[in-house]
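For reference, the structure is listed below as structure tokens.
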Amino acid sequence: MFRIKVPRYWRHKDFRYRLNAWKCNHCGETHFFQPLICRKCRSREFSRVTLPESGKLLAYTVVRSPPEGFEAQSPYIIGFIELEDGTRILGQLTDCYPEELKQGMRVEATLRRIREDEEDKIIAYCYKFRPAI
């Protein structure tokens, strides 16, 4: 079973529970981790930003053969989403069936439980996307 390390998990909680990222102050490139240098322009100056919680679905796929630790969730839907500010992100889709999805439909972020670590009893939550209400 997938093992969650408690200190590392809590260190990254702001990025797991919110759509936070790092934006390069020079070129505007979005990074989903705190980089040392920008992968686009090589700048070393970044600002922490909160990304929009809604956008449109560009494409999606149904995962029927999941990686280890996610077998119980199969099948699940992964979507490629363009947020309102133009940032593109992969995210799991929830509260819908594949046949309900259409390219270009509006989606919104929502917080959902993804797993529980048996040993440390950490219940892991993360954002997922659902059709806009």
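When the residues of the stretch 24-51 are narrowed to those that are surrounded by 13 or more Cβ atoms within 10 Å (Cβ to Cβ) and within 29 Å of residue 122 (Cβ to Cβ), which ends up modelled with the highest pLDDT? Top of the filtered list is 46. One residue stands out in the stretch 100-126 among those that are among the hydrophobic types (A, V, I, L, M, F, W, C) and within 26 Å of residue 52 (Cβ to Cβ): the one that is surrounded by the most Cβ atoms within 10 Å (Cβ to Cβ), namely 107. All conditions in (1) closer than 28 Å to residue 22 by Cα; (2) touching a Phe, Trp or Tyr at 6+ places or on another chain (Cβ under 8 Å); (3) among the β-branched types (Val, Ile, Thr) hold for residue 62, with the sole exception of (1).
Among the residues making up the stretch 52-77, those that are under 11 Å from residue 92 (Cβ atoms) and modelled with pLDDT under 85 are 70, 73.
Restricting attention to the stretch 94-133, the residues that are assigned to a strand (DSSP E or B), closer than 16 Å to residue 73 by Cβ and modelled with pLDDT of 95 or more total 2.
For the stretch 85-99, the count of residues that are in contact with a Leu (Cβ under 8 Å, 6 or more places away or on another chain), surrounded by fewer than 16 Cβ atoms within 10 Å (Cβ to Cβ) and under 19 Å from residue 23 (Cβ atoms) is nonzero.
The values are calculated or read from the model by the stated rules, or taken from the named source; none is laboratory data. This one's a predicted model, so the numbers in the text were calculated from it and none came from an experiment. Cβ: placed from backbone, ideal geometry, glycine included. Neighbour counts: every protein chain shown.
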